[in-house]
Each structure stands twice: as C-alpha cells, then as structure tokens.
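Okay, structure first, notes after.
The values are calculated or read from the model by the stated rules, or taken from the named source; none is laboratory data. A quick note: this is a predicted structure, and the numbers were derived from the prediction, not measured. Here the Cβ is made from the backbone with ideal geometry for all residues, glycine too, and neighbour counts use every protein chain on show.
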Amino acid sequence: MSFLFDPDVIDEIGQRHIGKPIDEMVADVGADLKAKYGHHVHLDQPLFFNSAGGIMYQIKLFAMTPREYIMICGSAIGSSGHSGRHPVAFWDTILSGGARYMHQDVLASREYATGSRIFVDRWQAATIHFPDHCWMLEYARGSLFALLPFGLANTLFNTLDWKSALRTLRVYGSLTRRTLAARRSVAGPPA
C-alpha cells in the first residue's frame, strides 16, 4: 500500500514552527505542508468543533484521503477523554502546551510536552488529558471511514451539535473528493 504523506516529514514541519503564536503557527504549518505536498493540501478549510470520546477540541483539516489525513487539533482550555480504538494509526506532534496519556496495560500516565511526538498504533487505546491547553499536528493512516462513527457519535448524541457534525461531513467529503480528483488528473485518462 502506498501513502501520499510521510509522518516524519509532517513532524519536521511541525517542529519548525513551535513557539510561534497559535494563529501564525497554523498558517505557517499549512504553508509548509502545501509547499511539500502541493495540490493534496488545502488551506481553505474552516476551524470547527469536534467532540469524540468525550474530548472537546477544534480541528483544522489540511488534507484528507480515504486512508490519510493531516490536521491541527486541540483545545485552548483543556479537555479529557478516550482516544477510541480504531483500525487507524496516529502520529501527533505537540505544537503548544502538553498532554498526558494513560496507555492501555500501563498503570502510570505519560506526560508529553511541547515538541513531543506521540504514536498510538492501530487498535490501541489511551485515556487523554490536556491539563491546560494543547495544540497538535496530527497525521492519521488507516481506514478513515471507520473513524466516522467515533468522530460523530458524541457530537450527534451527547452535545447535539448538529452544525459541527454537518461541517465535519462537508469538510471530509470535500477534501476526499478534491484529493481523488487530483489523483485522477495526475494519473491521466485510463488507457
């Protein structure tokens, strides 16, 4: 299976912008992702709320395919919840703030500071706590369609934030269509 994006390159891009004000950091990370990955990265997507596994945070998606995404996510006021258990692997670079994770089968929590990289593999789960604020550059790889129930359930049935749920679906659909269209145009017409 081939993938468009490299988690090490994404981490390097995030590391370059640590310490900047959050608005500037988001813009500069997006610009560097665009410079590296071209038409696969879209800077025009809105920032929107998501509530998944009890964690309330905001998301700005830069790239989305059926098997990969890149986004900045986090909270300016802290949050806690469950990571979920998915057929997807996650690489997170903490751009600002910090997080505590309690991984399954481990009795103690682990602290991650600004600049740390967190990896949660497929089918693993963790309890996550952002004590104050935390903004992360996240790359995910796997069956993203399988994430939708987890990503929408809390928003639809707990917070009843239908507007955010619809925005999530619109952004997911828009970016996936754009990426697939870009791949077709690069590949050319079928022979």
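Can you find a residue in the stretch 127-135 that is surrounded by fewer than 17 Cβ atoms within 10 Å (Cβ to Cβ) and modelled with pLDDT of 90 or more? Taking every residue of the stretch 127-135 in turn, at least one turns out to be surrounded by fewer than 17 Cβ atoms within 10 Å (Cβ to Cβ) and modelled with pLDDT of 90 or more.
Of the residues in the stretch 23-44, how many are surrounded by fewer than 16 Cβ atoms within 10 Å (Cβ to Cβ) and in contact (Cβ under 8 Å) with a residue 40 or more places away in the chain? Residues flagged as surrounded by fewer than 16 Cβ atoms within 10 Å (Cβ to Cβ) and in contact (Cβ under 8 Å) with a residue 40 or more places away in the chain within the stretch 23-44 amount to 1. The criterion of at least 3 residues that are touching a residue at least 40 places away in the same chain (Cβ under 8 Å) is met by the following strands (runs of 3 or more DSSP E) wholly inside the stretch 75-151: 79-82, 88-97, 126-130, 134-142.
Only one entry in SER143, SER51 is more than 22 Å from HIS17 (Cβ to Cβ), among the polar types (S, T, N, Q) and touching a helix residue (DSSP H, G or I) at 6+ places or on another chain (Cβ under 8 Å), namely SER51.
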